[in-house]
1. Can you tell me how many residues within segment 85-118 are more than 18 Å from the chain's Cα centre (by Cα) and hydrophobic (A, V, I, L, M, F, W, C)?
2. Going through segment 168-181 one residue at a time, which ones are part of a helix (DSSP H, G or I) and either in contact with a strand residue (DSSP E or B) (Cβ under 8 Å, 6 or more places away or on another chain) or open to solvent by 70 Å² or more (accessible area, probe 1.4 Å) (or both)?
3. Output the residue which, of all residues in segment 1-53 that are in a helix (DSSP H, G or I) and basic (Lys, Arg), is farthest from residue 78 (Cα to Cα).
4. Somewhere in segment 11-21, is a residue closer than 23 Å to residue 148 by Cα, in contact with a Phe, Trp or Tyr (Cβ under 6 Å, 6 or more places away or on another chain) and small (Gly, Ala, Ser)?
5. Filter segment 123-148 down to residues that are away from the ligand (no atom under 11 Å from the Cβ), modelled with pLDDT of 80 or more and within 23 Å of residue 86 (Cβ to Cβ), then give me how many there are.
6. Just need a number here: residues in segment 54-91 that are over 15 Å from residue 38 (Cβ atoms) and part of a helix (DSSP H, G or I).
7. Filter segment 107-151 for residues that are farther than 13 Å from residue 14 by Cβ and touching a strand residue (DSSP E or B) at 6+ places or on another chain (Cβ under 7 Å); which is surrounded by the most Cβ atoms within 10 Å (Cβ to Cβ)?
8. Quick one: which of 62, 33 is loosely packed, with under 15 Cβ neighbours inside 10 Å and within 11 Å of the ligand (Cβ to nearest atom)?
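The values are calculated or read from the model by the stated rules, or taken from the named source; none is laboratory data. The structure presented is a predicted model; accordingly, all values stated were derived computationally and were not measured. Cβ placement follows ideal geometry from the backbone for every residue including glycine, while neighbour counts extend to all protein chains displayed. Protein only, heavy atoms only, side chains kept; ligands, DNA and RNA dropped before computing areas. Shrake-Rupley method; radii C 1.70, N 1.55, O 1.52, S 1.80 Å.
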Amino acid sequence: MRVVFLGPPGSGKGTQAKLLAERLKVPAISTGDILRSAVRDRTPLGVQAQAVMEKGELVSDDLIVALIRERTAAHDARDGFILDGFPRTLEQGKALETMLSEMGEGLSAVVNFGVPEPVLAERMLGRAGAEGRADDRPETIRERLRVYREKTEPLAGFYRDRGMLANVDGVGEVEQVAARIDEALASVRRTGGRA
Ligand code: AMP
């Protein structure tokens, strides 16, 4: 399966992507994790991305699309993958569509995580303490939510139009949300997303 996880920062999609990856035996590909590791290793990509990430803005579409093109071509992603944090703009969504169709492939489903904003902010502030992420400061959290609404949310409509969108309530225990994801994926497969 080739699945995209769409959702605001703090919606739990990273945790759920890793869990679903284990269930499906495909890699979970997180552009945020790849970028953070590039920043830690001070690679050219990391050096370019760091300031943008710390402000809560988006790294350029060209850089991210090149990164995803390379990562999805790796052997372990041959039979499928879960994309966590990509695409994040309509441009990225269109680039992904082109990239997959060139390979004679397409997405299986897009899981869209719904979580109210106050819950998101609370979760991200909690995570800042636990993980020490440089972009989990209150001002940056606000900016990341704003960028999400402006740049990423339109992708829900893009995928709804393609019959791929599966909305999942992201509030609840990890196991509960995981069960909802399994149900949503099964239903997209049955109905082509028209449920
Ligand atoms: P995340 O861990 O997914 O919240 O990503 C952390 C940060 O990495 C984001 O706030 C962006 O600055 C950058 N980033 C991750 N994925 C993307 C993407 N697909 N497009 C642009 N920037 C991204």
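1. Qualifying residue count, segment 85-118: 1.
2. 175, 176, 177, 180, 181, listed by residue number.
3. Filtering segment 1-53 for residues that are in a helix (DSSP H, G or I) and basic (Lys, Arg), the one farthest from residue 78 (Cα to Cα) comes out as 40.
4. Within segment 11-21, one or more residues are closer than 23 Å to residue 148 by Cα, in contact with a Phe, Trp or Tyr (Cβ under 6 Å, 6 or more places away or on another chain) and small (Gly, Ala, Ser).
5. Number satisfying all stated conditions: 3.
6. Within segment 54-91, residues that are over 15 Å from residue 38 (Cβ atoms) and part of a helix (DSSP H, G or I) number 11.
7. 110
8. Of the residues listed, the single one that is loosely packed, with under 15 Cβ neighbours inside 10 Å and within 11 Å of the ligand (Cβ to nearest atom) is 62.
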